[in-house]
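Asker: Sharing a structure here in structure tokens format.
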Amino acid sequence: IIGDGASVTIENNNIHSNTNAGVFVNGEGSEAVLKDNRIRDGKGGVGICAGASVTLDNNNIHSNTEAGVFVHGEGSEAVLRDNRIHDVKGGVGICAGASATLENNNIHSNTLVGVAVQDEGSKAVLRGNRIHDGKKGGVDISAGASATLENNTITDNDLTAVQLQVHATATLTGNTIKGNGQCK
């Protein structure tokens, strides 16, 4: 757990078999950079809460029983670049007023939605990501959240590529969307 305004860089580690998140960053002013790690086989991958800020670069986050990356709470921020997030329950969750930027990630083969942006005030920008082969949908934006999707490839998910629900807003530009299922 990284908290109380701490700042840390975590690089080239094999983080596995945890009973909670492999890395949990909590609290206003708490910051972390995670680079080139393998975070696997635990309950959750990375949790970012209560105003913390995290940058994730080139990590392989997989085989966790909960979310690969979970960003929760007003003021919580995450930047995800060039990560592989796969074979987890839900790929990336952004909720309760948090914000995230996702660029060039490969998010695939998850049990739930690839990227979920939920709750009033939650915001996400997705650029150049591949979101594919999920057991549910690609991207779900709901409950007053907003998202901008630019140049993503969203393919072959069992349900819809992009779903907007309950006062959500989205801007989609230059995305490739094909081979996805429909809401049942």
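The values are calculated or read from the model by the stated rules, or taken from the named source; none is laboratory data. Since this is a predicted model, take the numbers as computed values, not measurements. A quick note on method: Cβ atoms are made from the backbone with ideal geometry, for glycine too, and the neighbour counts reach across all protein chains shown. The accessibility values were calculated without ligands, DNA or RNA, using every heavy atom of the protein model including side chains. Shrake-Rupley method; radii C 1.70, N 1.55, O 1.52, S 1.80 Å.
Asker: Pick out, from the range 79-134, the strands (runs of 3 or more DSSP E) lying fully within it that include 2 or more residues that are under 15 Å from Ile61 (Cα atoms) and open to solvent by 10 Å² or more (accessible area, probe 1.4 Å).
Answerer: In the range 79-134, the matching strands (runs of 3 or more DSSP E) lie at 84-86, 106-108.
Asker: Considering only residues that are in contact with a Gly (Cβ under 8 Å, 6 or more places away or on another chain) and within 21 Å of Val88 (Cα to Cα), look in the range 1-20 and name the one that is surrounded by the most Cβ atoms within 10 Å (Cβ to Cβ).
Answerer: Selected residue: Ile15.
Asker: What about Val71, is it β-branched (Val, Ile, Thr), assigned to a loop (DSSP other than H, G, I, E, B) and within 12 Å of the chain's Cα centre (by Cα)?
Answerer: Spelling it out, it is not the case that Val71 is β-branched (Val, Ile, Thr), assigned to a loop (DSSP other than H, G, I, E, B) and within 12 Å of the chain's Cα centre (by Cα).
Asker: Step by step: first the residues of the range 135-148, then only those that are part of a strand (DSSP E or B) and under 16 Å from Gln182 (Cβ atoms), then the one that is most open to solvent (accessible area, probe 1.4 Å). Which residue is that? Reasoning before the result, please.
Answerer: Looking only at the range 135-148, we keep the residues that are part of a strand (DSSP E or B), and these are 139-142, 146-148.
Those still in the list that are under 16 Å from Gln182 (Cβ atoms) too: 139-140.
Values: Val139: 2, Asp140: 21 Å².
Out of the qualifying residues, it is Asp140.
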